[in-house]
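Below is one structure, written out as structure tokens; the observations come after it.
The values are calculated or read from the model by the stated rules, or taken from the named source; none is laboratory data. Please read these numbers as outputs of a predicted model, since none were measured by experiment. Please note: Cβ atoms are built from the backbone with ideal geometry, for glycine as well, and neighbour counts cover all protein chains shown. Just the protein is used for accessible areas: all its heavy atoms, side chains included, with ligands, DNA and RNA removed. Shrake-Rupley method; radii C 1.70, N 1.55, O 1.52, S 1.80 Å.
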Amino acid sequence: MNRRLQVRGTQLYVEDYNDSNEKVLLYLHGGPGASCVDFCYHQAEALASHVRVVAFDQRGVLRSDPLATDEPFQLQDIIEDCEALRIQLGIKKWTVLGHSFGGLVALRYALQYPHSVHKVIFESPCFDAQSSMRALISGALKLYHSLEDSVGVKQCKQYLEGPYSASELWSAWSSIGKGLGDKRDELYFHGIRPDTYNEIIHNMISDESMWDKNHRHAAKLEEEGSFLQSLIPDLSKLTQPSLLITGVFDFVCCAEQQQAYRDRVKNGKVAVFEGSGHFPRLEEPDKYTYEVLKFITDKDDVNNDRI
């Protein structure tokens, strides 16, 4: 069921699958401003074979209402929208799955509303923007070397060798990534080609102008800056069962963050995707569906137990 719901003074685009099931999964997209469209392309329906799946475009993103120029908007608004949506849908507790930036949102939501969140799944999360940006820039350095682009090499080395903040590295990555052109996307994918991902998005959202509103969503969050603060110290505060899904070739959830999760999260589980970069749900979809359902339902035979 696809619909627009009035939530805390705005309309959010919400997709709701298998709404009679008591086990509920909430998907939180990354970005900021990436939309739930690529998750709903396949995984929403695949996972809905066993659980209820709720996914939405965050406030100001794609099919949800745009943010006004002077409208206050912060990371906390996304968290409050999650809780308001849970109440509105009549859901007692749900498992929260956050991808990339959405993993950061999922962690903060679980910490602030522990009685609303049953379990947490982190897919290629960004717990620490500073180390994520450094890892991406290190990947870009290799690409610039392969392109024999001395200007790009110099720029990457500058930011890798200097004492730059998360905010400075975030801004630097925007410029460094843009300089790579289409090759930038090679840093995010391994199991599929970047143009395959772009085709999926275009086939689902053919009007590319719809994405324009997302820039304001991202800009307001960048101005606030709280999503650039490291959440690694907060990992030890997580009380819910959790699963980390990570691709071997992912730069965002780099080795430093993976180790921090293993060291700090009590009884945290890890599912490593050997053929994936930043998007395991698309790069290894069957394994992804299996690992998510196994964690939510506590069953090992989910693939052979179709509803």
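Computed about the Cα centre, the dipole magnitude for the chain is approximately 740 debye when only Lys and Arg (+1) and Asp and Glu (-1) carry charge, each at its Cβ. Taking the Cα centre of the range 40-179 as reference, the dipole from Cβ charges on Lys and Arg (+1) and Asp and Glu (-1) amounts to some 460 debye. Anisotropy class assigned to the range 108-213 is oblate, per the alpha carbon gyration tensor with a/c at or over the 1.5 cut-off and a/b no larger than b/c.
Using the structure shown, list the pairs from 142/178; 119/287; 92/287; 92/220; 183/269; 142/213 with a Cα-Cα distance above 23 Å, or answer none. Violating the 23 Å limit, Cα to Cα: 92/287; 92/220; 183/269; 142/213. In units of the rule-of-thumb radius 2.2 N^0.38 Å, the range 215-254 shows an alpha carbon radius of gyration of 1.55. Think of it as helices only: each DSSP H run of n ≥ 4 in the chain is worth -39500 (n - 2.57), and spread over all residues that comes to -12500 deg cm²/dmol at 222 nm. Here's the picture: charge each Lys and Arg Cβ at +1 and each Asp and Glu Cβ at -1 in the chain, and of 277, 227, 94 the one pushed furthest to the positive end of that dipole is 94.
The structure shown yields percent of Cα pairs over 27 Å apart, and of the options (i) 51; (ii) 40; (iii) 59 that calculated value carries the label (ii). On a 0 to 90° scale, report how tilted helix 75-88 is relative to the longest principal axis of the chain, with both axes built from alpha carbons and the result rounded to the nearest 10. It is inclined by approximately 20 degrees. Take every Cα pair under 8 Å whose residues are at least 6 apart in sequence, average their separation, divide by the length of the chain, and the relative contact order is 21 percent. Ligands, DNA and RNA left out, the 1.4 Å accessible surface of the range 1-112 is 45% carbon and sulfur atoms.
Taking 37 °C and 0.692 mPa s as conditions, the range 153-307 diffuses translationally at an estimated 178 µm²/s according to Stokes-Einstein applied to its Kirkwood radius (Cα pairs). Accessible surface calculations at 1.4 Å, restricted to protein heavy atoms, place the range 155-287 at 52 Å² per residue.
A full extension of the chain between residue 178 and residue 4 corresponds to an added length of 59.3 nm, given 0.36 nm per residue minus the alpha carbon distance.
Farthest towards the positive end of the charge dipole of the range 183-307, among the residues 258, 239, 191, is the Cα of 239, using unit charges on the Cβ of Lys, Arg, Asp and Glu.
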